[in-house]
Amino acid sequence: MTPKPPETEASFVDWFRSAAPYIHAFRGKTFVIAFGGDAMLRSDFVDLIHDVNLLNALGVRLVLVHGVRPQVEERLSGEAQYVRGRRVTDGETLEHVKDAVGSVRVDIESLLSIGLPNTPMAGAEIRVASGNFVTARPMGVLDGVDLQFTGEVRKVAADAINARLADGEIVLLSPLGYSPTGEVFNLTLEEVATEAAIALKAEKLLFLLDHGDTVDEKGRRLNQLTVAEAQKVIKRLPEGDMALYLPYAAKACKAGVQRAHLVSADVDGALLMELFTHEGVGTLVTALPVETLRPATIDDVGGVLQLIEPLEEAGVLVRRSRELLEQEIEQFFVDDLDGRIVGCAALYPFAGERAGEMACLAVHPDFRDSGRGEALFKAVEAAAKAAKLKRLFVLTTRTAHWFIERGFSPATPDDLPAARKELYNWQRRSKVFVKAI
Ligand SMILES: CC(C)(COP(=O)(O)OP(=O)(O)OC[C@H]1O[C@@H](n2cnc3c(N)ncnc32)[C@H](O)[C@@H]1OP(=O)(O)O)[C@@H](O)C(=O)NCCC(=O)NCCS
C-alpha cells in the first residue's frame, strides 16, 4: 500500500521516502503535459504550475502544451462551423486564435516566472521557450467543406526542442502550427501534444481533463489500460474529455511513448499523485502490461537493495553488501512494476555438479500473495533448466513450507554441492531443500 499524503511528520517521512524510486526514475526523462484552455480559467491553475515547477526542479525535461478553446470562443461572435468535430477556421477566427494564443502564452510565462520567497516557486528560475517548433499543413476540404486555416501537424522539430530542454528550459507549445509557405494553422492541443511526445520519444504524455473524471461509461475508475484495452473502452465512452484524449493516449503508446496518463483537474495534486504513487489517481495507458519479470542489470542494484535490506535486518535473508550485489547482479531476476523493483530472486549455478541454488527470493510486503513469488521461482527454475542443471536447492530459515508446497523436499547440508557446503553457515542453521528439475 502506498502511504497516504502526510498528515503527521512520521507519515511525511514515509511518504517522502516512498517517492525516492520515482525521483530516480524520472530524472532526465521527457514528459509532455497537455492541458486545455479551461485549465487556465480555474482558480487552482497556479497549483498546476507549482507542480510543473517541482517536476522541473527534479530534473524532468518538460514540454507543456496548452489549448485555447474557451479563450477563442470568448472572442468569437456568431456560430462556428464544424465538420466531423473539427472547426472551420476562417481568416477572422484565425486572428482570434492568434490573439488568444499570445495572451495565454504570456499568462503561463508570467506564472512560471514567479519566484516569491513565500511560494512553492521560491528560488525557481524557470526559462520558458516557445516558438515555431511545429510545422503544419492545411486539413483541406472535408465532406465538401474547405476547413481553411484548420490544419494538422506535419512535423515537430524534436532536435530544436531537445536543445532547449538540454539547456534546462521548459518548452511551451501552442495549438498553432506554421507552414513553409508562411501561413499559420489552427491545430488541436491533443494532436500537438501526441505528435510532440512521439517525435521526442517522451517517457510520458499526460493529459489533464478539464471536465469529468477518468472513468468508463458506467462511472467505474479506469486505473490502468493497455492500448488494446483502451481501444475497446473508447468505443463505449460518452462524449467528453475522456473520449477526446484517450484515443490520443493510445496512439502515442502505440507509436513508442512509454506511458500516457489521463488525470482529472478536479483532484487536488492529481499530477503528483499520479506520478509519485503506485496506484495513481488517473488512468495509465501503456503499450504492454507495465509489470515485467526480467533478468536484472547493474541499474537494478539500488532497487534490489531497497527491497532486501529490511529482510536482512529481520534476519530472513543473509546480508549482502552492495559490492557483492554488484558482482552478482547478473544472476538475479527482478519483478519490475512500473520502474520499481518489487521482487527478486537469484540463481547461483554449480555447473560441475549440475546443481543450482535459488537464493534471495523476496517480494515486497505490499505486493505479496499475488503469485509474484511463484513467478520468480518459475523464472529461476526455467533458467536452471536452460543451464541443464538437474537439481535446484534452497536454504531457508523461515519459509520452509512455501518451498515444500512448490515441490521441494527436505535435505541436509551434506546434499549441497561441495563448494556450497564449505560456505554453509552452521550458526544460521538454515534448512536445506532440494527439488529435481
Ligand atoms: C516467500 C515470498 C517470496 C512469497 O512471495 P509472494 O509473492 O507472496 O508469493 P506467492 O504469491 O507466490 O505465494 C503466496 C502464498 O505463500 C504463502 N506464504 C508466504 N510466506 C510463507 C511462508 N513463510 N511459509 C509458508 N507459506 C508462505 C502465502 O500464505 C500464500 O499462500 P496462499 O496462496 O495459500 O494464500 C515472500 O513472502 C517473501 O518475500 N518472504 C520474505 C523473504 C523470504 O522468506 N524468502 C525466502 C528465503 S530464501
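The values are calculated or read from the model by the stated rules, or taken from the named source; none is laboratory data. All values reported here derive from a predicted model rather than from experimental measurement. Glycine gets a Cβ as well: all are built from the backbone with ideal geometry, and neighbour counts include every protein chain shown. Remember, those area values only see protein heavy atoms, side chains included, never the ligands or the DNA or RNA. Shrake-Rupley method; radii C 1.70, N 1.55, O 1.52, S 1.80 Å.
For E191, the test of being within 19 Å of Q71 (Cα to Cα), touching a strand residue (DSSP E or B) at 6+ places or on another chain (Cβ under 7 Å), of a type outside the set (V, I, T) and surrounded by fewer than 17 Cβ atoms within 10 Å (Cβ to Cβ) is failed.
Restricting attention to the stretch 389-401, the residues being closer than 18 Å to V318 by Cα and near the ligand (Cβ under 8 Å from one of its atoms) number 7. In this structure, is K201 free of Cβ contacts under 8 Å to residues at least 12 places away in the same chain and either closer than 21 Å to L272 by Cβ or not hydroxyl-bearing (S, T, Y) (or both)? For K201, the condition - free of Cβ contacts under 8 Å to residues at least 12 places away in the same chain and either closer than 21 Å to L272 by Cβ or not hydroxyl-bearing (S, T, Y) (or both) - is not met. Tell me, please, whether a residue that is out of contact with any Asp or Glu (no Cβ under 7 Å at 6 or more places or on another chain) and over 26 Å from A249 (Cα atoms) can be found in the stretch 43-65. Yes, the stretch 43-65 contains at least one residue that is out of contact with any Asp or Glu (no Cβ under 7 Å at 6 or more places or on another chain) and over 26 Å from A249 (Cα atoms).
Looking at the stretch 402-412, which of the residues that are more than 6 Å from the ligand (Cβ to nearest atom) and open to solvent by 50 Å² or more (accessible area, probe 1.4 Å) is farthest from S18 (Cα to Cα)? Out of the qualifying residues, it is T412. Can you pull out the residues in the stretch 154-187 that are more than 25 Å from the chain's Cα centre (by Cα) and either of a type in the set (G, A, S) or under 22 Å from S103 (Cα atoms) (or both)? Scanning the stretch 154-187 gives L176, G177, Y178, S179, G182, E183, V184, F185, N186, L187. Of all the listed residues (E330, E312), the sole one being without any contact (Cβ under 8 Å) to a residue 60 or more places away in the chain, on the phi < 0 side of the Ramachandran plot and open to solvent by less than 60 Å² (accessible area, probe 1.4 Å) is E312. Per this entry, V171 is not counted among residues that are assigned by TED's automatic domain parsing to the domain that holds F35, open to solvent by 20 Å² or more (accessible area, probe 1.4 Å), hydrophobic (A, V, I, L, M, F, W, C) and in contact (Cβ under 8 Å) with a residue 40 or more places away in the chain.
Could you grab me the full set of residues in the stretch 53-73 that are in a helix (DSSP H, G or I) and either open to solvent by less than 10 Å² (accessible area, probe 1.4 Å) or of a type outside the set (D, E) (or both)? Residues satisfying the conditions are N53, L54, L55, N56, A57, R69, P70, Q71, V72.
Just one of the listed residues (R368, R320) is farther than 21 Å from T297 by Cβ and at pLDDT below 95, namely R368. Annotation note: Cβ proximity below 8 Å between a residue of the stretch 398-416 that is assigned to a loop (DSSP other than H, G, I, E, B) and a residue that is open to solvent by less than 100 Å² (accessible area, probe 1.4 Å) and near the ligand (Cβ under 8 Å from one of its atoms) (sequence gap 6+ or interchain) occurs for R398/V316; T399/V316; T399/L361; R406/E374; R406/F377; F408/V394. In the stretch 100-112 there is at least one residue matching the filter, namely being open to solvent by less than 40 Å² (accessible area, probe 1.4 Å), in a helix (DSSP H, G or I) and either touching a Pro at 6+ places or on another chain (Cβ under 8 Å) or on the phi > 0 side of the Ramachandran plot (or both). Restricting E357, E313, E330, E381 to those that are farther than 30 Å from L246 by Cβ and modelled with pLDDT under 95 reduces the list to E313. Applying the set (1) within 23 Å of Y22 (Cβ to Cβ); (2) without any contact (Cβ under 8 Å) to a residue 40 or more places away in the chain; (3) among the charged types (D, E, K, R) to D51 leaves exactly one unmet item: (2). Taking the criterion of being charged (D, E, K, R) and surrounded by 14 or more Cβ atoms within 10 Å (Cβ to Cβ), the only residue of the stretch 128-145 that qualifies is R137. Picking from A57, A25, A20, A10, which residue would you name as being modelled with pLDDT under 90, out of contact with any helix residue (DSSP H, G or I) (no Cβ under 9 Å at 6 or more places or on another chain) and closer than 27 Å to A166 by Cα? Sole residue among the options that is modelled with pLDDT under 90, out of contact with any helix residue (DSSP H, G or I) (no Cβ under 9 Å at 6 or more places or on another chain) and closer than 27 Å to A166 by Cα: A25. Any residue at all in the stretch 416-433 that is closer than 18 Å to D336 by Cα, within 14 Å of the ligand (Cβ to nearest atom) and buried (at least 17 other Cβ atoms within 10 Å of the Cβ)? Scanning the stretch 416-433 turns up no residue that is closer than 18 Å to D336 by Cα, within 14 Å of the ligand (Cβ to nearest atom) and buried (at least 17 other Cβ atoms within 10 Å of the Cβ).
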